[in-house]
Amino acid sequence: MPLSAGKSMNILHLSAAKNWGGGENHIENLCLELNLAVGNIQNIILCVKDAGFHKKIKNGKLKVEAVPMLVKFDLRYVSKILSLTKKYNIDLIHIHDSTALTLGVMATKLGKLPPFVLSKKTSFPIKNRTRTLYKYNHPQINKILCVSEKTKEISSRNIEDHSKLQTIYHGTAIPKISSGLFNLRERLDLSAKKIIVGTVANHIRAKNLETWIEIINYVINIRKEKNFHFVQIGSYTDRSPKYKERIDKLNLSEHVSMLGFIPNASELISQFDISLITSQSEGIPQFIYESFYHKVPVISTNVGGIPEIIKDGENGFLTNAHEPQSLAEKLIALSRNKDLMKSFTERSYKKLIENFTTTKMAEQTLAEYKKVLYGKNGTGN
């Protein structure tokens with residue numbers, strides 16, 4: 001990914017996320033890939049001190065700055081944006097979430113800042129509120145990088161200048177190095193005959209774990225398929241007690257393992273027999289890319305950009321959100337068809353390698369950076 005001759009680039013990445021998730025995994029992957037680019041690219045990540053993202057990356061290979069955030073729009077974060085811009089002679093600010101965008105826009109009121117690039121990583125519509133519309137259409141934003149064509153289409157409804165919108169799919173790092181966290185079957189005392197159905201999702205509304213529980217209920221209690229075990233990995237929230245209460249009420253506890261947040265959880269995906277996504281709203285979950293890489297077949301809802309990378313019956317199974325019985329029936333059917341599982345995984349792996357790697361994602365992102373800084377053709381000529 002060569003830069004134009006003689007040009008360097010200092011990028012400040014803004015994250016106000018409190019937990020580790022797919023969006024934060026994207027920032028880490030992007031910065032690691034950009035650090036490998038030919039040319040002088042310096043990436044600095046500003047994140048929330050002692051939050052999940054900060055704990056994950058603070059001792060790694062990336063340059064990280066952190067600031068406390070006791071309230072959602074903490075002025076210390078705003079001040080840090082201004083000071084880091086001067087300290088590192090920042091050329092461009094890449095904003096990675098909605099809260100960070102608000103903080104970035106606040107910072108423009110207090111000092112001169114370089115151009116913004118915004119990542120839109122979810123398919124949530126931009127709310128039709130005056131302040132929200134103002135920040136997403138702020139003149140400091142030169143590019144809006146959408147995680148899928150669906151995200152781009154939804155965002156275009158409330159973005160005035162459509163030329164700012166560009167789709168860049170994320171992806172997974174190739175090759176992946178696994179440290180082998182632990183053996184799931186040994187840890188959970190599961191026999192070799194048990195079918196492990198894995199889900200990686202934080203306990204948030206968008207992931208729709210209510211449907212996940214109803215799928216398990218249908219499989220175990222209605223269809224009496226006792227050979228499945230459902231593993232769920234992701235950060236607990238205030239929604240978690242309700243999920244656990246429902247699982248207990250349905251007498252499903254012995255068929256379910258909710259493991260909470262696990263650092264580098266993607267290293268466990270290869271031990272799943274099937275990956276299951278029940279989301280009601282998505283960009284494209286990193287979990288799908290990771291499952292493709294590890295050759296684990298995927299069953300998912302068809303929300304957001306997911307149908308752009310999974311074709312129902314071709315390289316996975318899709319169904320509508322909030323239809324647990326349909327998802328459960330596809331899960332049972334797939335588990336009984338080893339040839340179909342192999343066909344899904346081979347096609348998905350090929351699609352991943354050809355289209356959805358972090359290297360391709362970083363190349364495309366760098367090209368957009370150059371257009372912002374050096375003109376339409378990215379060279380300054």
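The values are calculated or read from the model by the stated rules, or taken from the named source; none is laboratory data. These numbers were taken from a predicted model, which means no experiment stands behind them. Using ideal geometry, Cβ is built from the backbone for each residue, glycine included, and neighbour counts are taken over all protein chains shown. Each accessible area value is taken on the protein alone, full model and side chains, heavy atoms only, with ligands, DNA and RNA left out. Shrake-Rupley method; radii C 1.70, N 1.55, O 1.52, S 1.80 Å.
Kindly provide the set of residues from segment 282-302 that are open to solvent by less than 20 Å² (accessible area, probe 1.4 Å), assigned to a loop (DSSP other than H, G, I, E, B) and not charged (D, E, K, R), ordered by number. Please lay out each step first, then the result.
Initially, segment 282-302 is screened for residues open to solvent by less than 20 Å² (accessible area, probe 1.4 Å), giving 282-285, 287-292, 296-301.
Those still in the list that are assigned to a loop (DSSP other than H, G, I, E, B) too: 282-285, 296-297.
Hits for segment 282-302 are G283, I284, P285, V296, P297.
Does I168 meet the test of being under 20 Å from D273 (Cα atoms), open to solvent by less than 20 Å² (accessible area, probe 1.4 Å), modelled with pLDDT of 95 or more and of a type outside the set (G, A, S)? Walk me through how you get there before you give the answer.
Numbers: under 20 Å from D273 (Cα atoms): no; open to solvent by less than 20 Å² (accessible area, probe 1.4 Å): yes; modelled with pLDDT of 95 or more: yes; of a type outside the set (G, A, S): yes.
No: the conditions fail for I168.
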Matching residues in segment 330-376 - criterion: being outside any helix (DSSP H, G or I) and more than 30 Å from N217 (Cβ to Cβ): F356, T357, G375, K376
Members of segment 223-253 that are without any contact (Cβ under 8 Å) to a residue 24 or more places away in the chain and either out of contact with any His (no Cβ under 9 Å at 6 or more places or on another chain) or small (G, A, S) (or both): K224, P241, K242, K244, E245, D248, K249, S253
Taking segment 203-233 only, how many residues are open to solvent by less than 20 Å² (accessible area, probe 1.4 Å) and touching a Ser or Thr at 6+ places or on another chain (Cβ under 8 Å)? 13
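Give me the residue from segment 314-329 that is outside any helix (DSSP H, G or I) and open to solvent by less than 40 Å² (accessible area, probe 1.4 Å) and, out of that set, farthest from I277 (Cα to Cα).
Start the filter on segment 314-329 by keeping residues that are outside any helix (DSSP H, G or I), which leaves 314-323.
Next, only the ones that are open to solvent by less than 40 Å² (accessible area, probe 1.4 Å) stay: 315-319, 321.
On the way: N315: 15, G316: 11, F317: 10, L318: 9, T319: 10, A321: 10 Å.
Top of the filtered list is N315.
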Checked against (1) closer than 20 Å to T358 by Cβ; (2) buried (at least 18 other Cβ atoms within 10 Å of the Cβ), V38 satisfies every condition except (2)
Looking for whichever is open to solvent by 30 Å² or more (accessible area, probe 1.4 Å), of a type outside the set (S, T, N, Q), farther than 18 Å from H94 by Cβ and touching a residue at least 60 places away in the same chain (Cβ under 8 Å) here; the options are I353, I332. Which one fits? I353
Among (1) open to solvent by 20 Å² or more (accessible area, probe 1.4 Å); (2) within 18 Å of T99 (Cβ to Cβ); (3) in contact (Cβ under 8 Å) with a residue 12 or more places away in the chain, there is one condition V48 misses while meeting the rest; what is its number? (1)
Tell me, please, whether a residue that is over 27 Å from I204 (Cβ atoms) and surrounded by fewer than 19 Cβ atoms within 10 Å (Cβ to Cβ) can be found in segment 12-29. no
